[in-house]
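The values are calculated or read from the model by the stated rules, or taken from the named source; none is laboratory data. If you're wondering where the values come from, they're calculated on a predicted model, not measured in any experiment. Ideal geometry is used to build each Cβ from the backbone, glycine not excepted, and the neighbour counts take in all protein chains shown.
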Amino acid sequence: MSLNELESLIRDCLEEFYRRRIENLSKLSLKKVLQRKNPYLMRALGIRTAAELVEYLLQIHTQASDETIFGDAFVEPIVLKVCEAYGGKKSSAKGIDVEIDSGNIYRAIAVKSGPNIFNSSQTARMNDEFQELQNRLRQHLRNLGKQFDPILGCSYGRRVSEPTRTRRYRIVSGQAFWRELTGDDEFYLKLIRLMKDYPEKQREIYQQEWDKAINRFTRDLLNEFAGEDGALDWEKIVRFNSEQPK
(Lines give C-alpha, C1' and ligand atoms only; values in the text may rest on other atoms or scores of the structure.)
Protein backbone atom coordinates (compact mmCIF):
# COMPACT_ATOMS: atom_id res chain seq x y z
CA MET A 1 0.00 0.00 0.00
CA SER A 2 1.46 3.36 -1.06
CA LEU A 3 1.54 6.39 1.23
CA ASN A 4 -1.09 8.10 -0.92
CA GLU A 5 -3.37 5.08 -0.67
CA LEU A 6 -2.85 4.89 3.08
CA GLU A 7 -3.55 8.60 3.52
CA SER A 8 -6.75 8.29 1.49
CA LEU A 9 -7.82 5.30 3.60
CA ILE A 10 -7.10 7.19 6.83
CA ARG A 11 -9.16 10.16 5.65
CA ASP A 12 -12.08 7.92 4.71
CA CYS A 13 -11.95 6.21 8.10
CA LEU A 14 -11.75 9.52 9.97
CA GLU A 15 -14.72 10.80 8.02
CA GLU A 16 -16.72 7.72 8.97
CA PHE A 17 -15.57 8.04 12.59
CA TYR A 18 -16.85 11.61 12.80
CA ARG A 19 -20.04 10.78 10.91
CA ARG A 20 -20.87 8.15 13.53
CA ARG A 21 -19.86 10.44 16.40
CA ILE A 22 -22.16 13.17 15.12
CA GLU A 23 -25.01 10.73 14.55
CA ASN A 24 -24.56 9.32 18.06
CA LEU A 25 -24.56 12.79 19.62
CA SER A 26 -27.57 14.01 17.64
CA LYS A 27 -29.69 11.11 18.92
CA LEU A 28 -28.73 11.50 22.58
CA SER A 29 -31.30 12.61 25.11
CA LEU A 30 -30.77 13.67 28.70
CA LYS A 31 -33.01 10.94 30.10
CA LYS A 32 -31.28 8.24 28.07
CA VAL A 33 -27.92 9.18 29.58
CA LEU A 34 -29.24 9.79 33.11
CA GLN A 35 -30.71 6.30 33.21
CA ARG A 36 -27.25 4.75 32.78
CA LYS A 37 -25.16 6.92 35.10
CA ASN A 38 -24.60 6.77 38.85
CA PRO A 39 -26.53 9.63 40.52
CA TYR A 40 -24.82 9.05 43.87
CA LEU A 41 -21.40 9.53 42.28
CA MET A 42 -22.54 12.70 40.55
CA ARG A 43 -23.84 14.12 43.82
CA ALA A 44 -20.67 13.03 45.66
CA LEU A 45 -18.58 14.95 43.12
CA GLY A 46 -20.21 18.14 44.36
CA ILE A 47 -21.87 19.02 41.06
CA ARG A 48 -24.16 21.98 41.73
CA THR A 49 -25.13 23.60 38.43
CA ALA A 50 -26.94 22.41 35.33
CA ALA A 51 -23.93 23.42 33.24
CA GLU A 52 -21.58 21.23 35.32
CA LEU A 53 -23.87 18.22 35.22
CA VAL A 54 -24.54 18.45 31.50
CA GLU A 55 -20.83 18.74 30.69
CA TYR A 56 -20.06 15.78 32.95
CA LEU A 57 -22.78 13.57 31.43
CA LEU A 58 -21.77 14.31 27.86
CA GLN A 59 -18.07 13.87 28.55
CA ILE A 60 -18.34 10.46 30.21
CA HIS A 61 -20.83 9.22 27.61
CA THR A 62 -18.73 10.26 24.62
CA GLN A 63 -15.49 8.95 26.13
CA ALA A 64 -17.00 5.48 26.29
CA SER A 65 -18.78 5.61 22.94
CA ASP A 66 -15.80 7.12 21.10
CA GLU A 67 -13.64 4.09 21.93
CA THR A 68 -16.20 1.75 20.38
CA ILE A 69 -16.86 3.93 17.35
CA PHE A 70 -13.15 4.45 16.71
CA GLY A 71 -12.47 0.73 16.78
CA ASP A 72 -15.30 -0.01 14.36
CA ALA A 73 -14.83 2.94 12.00
CA PHE A 74 -11.05 3.44 12.01
CA VAL A 75 -8.98 0.59 13.42
CA GLU A 76 -10.78 -2.44 12.01
CA PRO A 77 -11.14 -1.12 8.42
CA ILE A 78 -7.44 -0.22 8.29
CA VAL A 79 -6.42 -3.62 9.65
CA LEU A 80 -8.61 -5.33 7.05
CA LYS A 81 -7.23 -3.30 4.13
CA VAL A 82 -3.66 -3.91 5.25
CA CYS A 83 -4.29 -7.63 5.68
CA GLU A 84 -5.89 -7.94 2.25
CA ALA A 85 -2.54 -6.98 0.74
CA TYR A 86 -1.02 -10.05 2.44
CA GLY A 87 -3.69 -12.59 1.53
CA GLY A 88 -5.96 -11.77 4.45
CA LYS A 89 -9.73 -11.65 4.47
CA LYS A 90 -12.56 -10.53 6.72
CA SER A 91 -13.50 -13.38 9.00
CA SER A 92 -17.02 -14.76 9.20
CA ALA A 93 -16.25 -16.39 12.55
CA LYS A 94 -17.84 -14.98 15.69
CA GLY A 95 -15.49 -12.65 17.58
CA ILE A 96 -12.74 -12.86 14.94
CA ASP A 97 -12.12 -9.94 12.59
CA VAL A 98 -9.43 -11.05 10.14
CA GLU A 99 -7.89 -14.30 8.90
CA ILE A 100 -4.50 -14.40 7.14
CA ASP A 101 -3.30 -17.52 5.33
CA SER A 102 0.42 -17.00 4.78
CA GLY A 103 3.23 -19.53 4.44
CA ASN A 104 2.86 -22.32 6.97
CA ILE A 105 0.89 -20.17 9.43
CA TYR A 106 -2.83 -19.40 9.52
CA ARG A 107 -3.40 -16.29 11.63
CA ALA A 108 -6.78 -15.49 13.16
CA ILE A 109 -6.93 -11.96 14.55
CA ALA A 110 -9.43 -10.33 16.88
CA VAL A 111 -8.86 -6.58 16.71
CA LYS A 112 -9.20 -4.24 19.68
CA SER A 113 -8.45 -0.54 19.91
CA GLY A 114 -6.29 -0.93 23.02
CA PRO A 115 -4.76 -3.54 25.31
CA ASN A 116 -7.37 -3.36 28.05
CA ILE A 117 -7.01 -6.20 30.49
CA PHE A 118 -9.71 -8.82 29.97
CA ASN A 119 -11.36 -10.37 32.98
CA SER A 120 -11.49 -14.15 33.26
CA SER A 121 -14.91 -14.51 31.63
CA GLN A 122 -13.90 -12.35 28.64
CA THR A 123 -10.68 -14.32 28.23
CA ALA A 124 -12.64 -17.58 28.36
CA ARG A 125 -15.05 -16.32 25.70
CA MET A 126 -12.16 -15.27 23.47
CA ASN A 127 -10.58 -18.71 23.97
CA ASP A 128 -13.84 -20.36 22.92
CA GLU A 129 -14.19 -18.20 19.81
CA PHE A 130 -10.66 -18.98 18.64
CA GLN A 131 -11.17 -22.67 19.46
CA GLU A 132 -14.40 -22.78 17.46
CA LEU A 133 -12.63 -21.41 14.39
CA GLN A 134 -9.68 -23.76 14.84
CA ASN A 135 -12.01 -26.76 15.10
CA ARG A 136 -13.74 -25.72 11.88
CA LEU A 137 -10.40 -25.40 10.06
CA ARG A 138 -8.61 -28.33 11.72
CA GLN A 139 -8.74 -30.81 8.84
CA HIS A 140 -7.97 -28.16 6.23
CA LEU A 141 -4.93 -26.89 8.15
CA ARG A 142 -3.71 -30.41 8.86
CA ASN A 143 -3.83 -31.32 5.17
CA LEU A 144 -1.80 -28.22 4.30
CA GLY A 145 0.60 -28.55 7.22
CA LYS A 146 -0.29 -25.13 8.60
CA GLN A 147 -0.09 -23.92 12.19
CA PHE A 148 -3.06 -22.07 13.69
CA ASP A 149 -1.98 -18.79 15.31
CA PRO A 150 -4.72 -16.94 17.27
CA ILE A 151 -3.94 -13.29 18.04
CA LEU A 152 -5.58 -10.49 19.98
CA GLY A 153 -4.27 -7.44 18.14
CA CYS A 154 -4.36 -4.01 19.78
CA SER A 155 -3.82 -0.82 17.81
CA TYR A 156 -1.88 0.93 20.58
CA GLY A 157 0.07 0.06 23.71
CA ARG A 158 3.20 -1.95 24.44
CA ARG A 159 1.79 -5.22 25.66
CA VAL A 160 3.18 -8.28 23.88
CA SER A 161 2.43 -11.62 25.50
CA GLU A 162 2.60 -15.26 24.49
CA PRO A 163 -0.26 -17.66 25.32
CA THR A 164 -0.55 -18.77 28.93
CA ARG A 165 -2.12 -21.70 30.72
CA THR A 166 -5.49 -19.94 30.81
CA ARG A 167 -5.20 -17.84 27.64
CA ARG A 168 -4.72 -19.69 24.35
CA TYR A 169 -3.94 -16.69 22.15
CA ARG A 170 -1.11 -14.21 21.74
CA ILE A 171 -1.54 -10.52 22.57
CA VAL A 172 0.31 -8.10 20.30
CA SER A 173 -0.01 -4.32 20.69
CA GLY A 174 1.05 -1.02 19.18
CA GLN A 175 4.17 -0.96 17.04
CA ALA A 176 4.59 -4.74 17.31
CA PHE A 177 1.04 -5.36 16.05
CA TRP A 178 1.29 -3.08 13.02
CA ARG A 179 4.77 -4.44 12.23
CA GLU A 180 3.44 -7.99 12.29
CA LEU A 181 0.75 -7.04 9.78
CA THR A 182 2.87 -4.89 7.47
CA GLY A 183 6.53 -5.69 8.10
CA ASP A 184 7.03 -1.93 8.54
CA ASP A 185 8.59 -0.66 11.80
CA GLU A 186 7.27 2.84 11.07
CA PHE A 187 3.68 1.96 10.18
CA TYR A 188 2.32 2.86 13.62
CA LEU A 189 3.82 6.35 13.20
CA LYS A 190 2.55 6.71 9.63
CA LEU A 191 -1.00 6.32 10.94
CA ILE A 192 -0.63 9.44 13.09
CA ARG A 193 1.41 11.44 10.57
CA LEU A 194 -1.03 10.90 7.72
CA MET A 195 -3.99 12.17 9.73
CA LYS A 196 -2.46 15.62 9.09
CA ASP A 197 -5.02 18.38 9.81
CA TYR A 198 -8.10 16.34 8.93
CA PRO A 199 -9.24 15.78 12.55
CA GLU A 200 -9.28 19.55 13.16
CA LYS A 201 -11.45 20.09 10.09
CA GLN A 202 -13.89 17.40 11.18
CA ARG A 203 -13.93 18.66 14.76
CA GLU A 204 -15.39 22.00 13.66
CA ILE A 205 -18.47 20.19 12.34
CA TYR A 206 -18.66 17.99 15.43
CA GLN A 207 -18.48 21.02 17.73
CA GLN A 208 -21.70 22.37 16.23
CA GLU A 209 -23.51 19.16 17.20
CA TRP A 210 -21.88 19.21 20.64
CA ASP A 211 -23.20 22.74 21.27
CA LYS A 212 -26.71 21.63 20.27
CA ALA A 213 -26.50 18.72 22.71
CA ILE A 214 -25.33 21.05 25.51
CA ASN A 215 -28.31 23.34 24.90
CA ARG A 216 -30.76 20.45 24.60
CA PHE A 217 -29.56 18.74 27.79
CA THR A 218 -29.51 22.00 29.77
CA ARG A 219 -33.06 22.86 28.73
CA ASP A 220 -34.40 19.43 29.70
CA LEU A 221 -32.45 19.29 32.96
CA LEU A 222 -33.78 22.65 34.18
CA ASN A 223 -37.32 21.87 33.02
CA GLU A 224 -37.55 18.40 34.56
CA PHE A 225 -34.95 18.05 37.32
CA ALA A 226 -34.61 21.48 38.94
CA GLY A 227 -36.67 23.45 41.41
CA GLU A 228 -38.28 26.81 40.77
CA ASP A 229 -35.21 28.47 42.27
CA GLY A 230 -32.97 26.72 39.70
CA ALA A 231 -31.32 24.30 42.17
CA LEU A 232 -30.86 20.72 40.98
CA ASP A 233 -33.40 18.35 42.52
CA TRP A 234 -31.20 15.34 43.32
CA GLU A 235 -34.01 13.30 44.82
CA LYS A 236 -35.96 13.66 41.60
CA ILE A 237 -32.89 12.59 39.62
CA VAL A 238 -32.44 9.51 41.85
CA ARG A 239 -36.13 8.62 41.59
CA PHE A 240 -35.96 8.81 37.80
CA ASN A 241 -32.81 6.68 37.76
CA SER A 242 -33.67 4.06 40.37
CA GLU A 243 -37.32 4.05 41.48
CA GLN A 244 -39.30 0.91 40.72
CA PRO A 245 -42.34 1.48 38.47
CA LYS A 246 -45.65 1.42 40.31
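What the table shows:
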quantity: Conditions (1) more than 30 Å from the chain's Cα centre (by Cα); (2) within 30 Å of A85 (Cβ to Cβ): number failed by K236; calculated: (2)
quantity: Set N4, N38: member being free of Cβ contacts under 8 Å to residues at least 24 places away in the same chain, in contact with a helix residue (DSSP H, G or I) (Cβ under 9 Å, 6 or more places away or on another chain), over 21 Å from G227 (Cβ atoms) and exposed (fewer than 15 other Cβ atoms within 10 Å of the Cβ); calculated: N38
quantity: Residue list for region 93-108, restricted to those being surrounded by 13 or more Cβ atoms within 10 Å (Cβ to Cβ) and in a strand (DSSP E or B); calculated: V98, E99, I100, D101, S102, Y106, R107, A108
quantity: Hey, S121 of a type in the set (G, A, S), in contact with a helix residue (DSSP H, G or I) (Cβ under 6 Å, 6 or more places away or on another chain), closer than 30 Å to L28 by Cβ and outside any loop (DSSP other than H, G, I, E, B) or not; calculated: no
quantity: Some residue of region 107-116 being touching a Leu at 6+ places or on another chain (Cβ under 9 Å), outside the structural domain of I10 (by TED's automatic domain parsing), farther than 28 Å from E7 by Cβ and of a type in the set (K, R); calculated: no
quantity: Some residue of region 208-217 being closer than 30 Å to L6 by Cβ, in the same structural domain as A108 (by TED's automatic domain parsing) and either among the acidic types (D, E) or not in a helix (DSSP H, G or I) (or both); calculated: no
quantity: Selection from region 82-117 of residues that are more than 19 Å from P150 (Cα to Cα) and at pLDDT 90 or above; calculated: none
quantity: Options I60, I47: the member that is at pLDDT below 95 and within 18 Å of the chain's Cα centre (by Cα); calculated: I60
quantity: Residue among E76, E16 that alone is surrounded by 16 or more Cβ atoms within 10 Å (Cβ to Cβ), acidic (D, E), at pLDDT 90 or above and within 19 Å of the chain's Cα centre (by Cα); calculated: E76
quantity: Options K201, K196, K246; residue that is part of a helix (DSSP H, G or I) and either out of contact with any His (no Cβ under 7 Å at 6 or more places or on another chain) or not basic (K, R) (or both); calculated: K201
quantity: Number of the condition not met by G46 [criteria: (1) in a helix (DSSP H, G or I); (2) closer than 30 Å to E235 by Cβ; (3) free of Cβ contacts under 8 Å to residues at least 24 places away in the same chain]; calculated: (1)
quantity: Filter result (surrounded by 15 or more Cβ atoms within 10 Å (Cβ to Cβ), free of Cβ contacts under 8 Å to residues at least 40 places away in the same chain and not in a helix (DSSP H, G or I)) within region 172-193; calculated: V172
quantity: Some residue of region 66-85 being within 25 Å of G114 (Cα to Cα), not small (G, A, S) and not in a helix (DSSP H, G or I); calculated: no
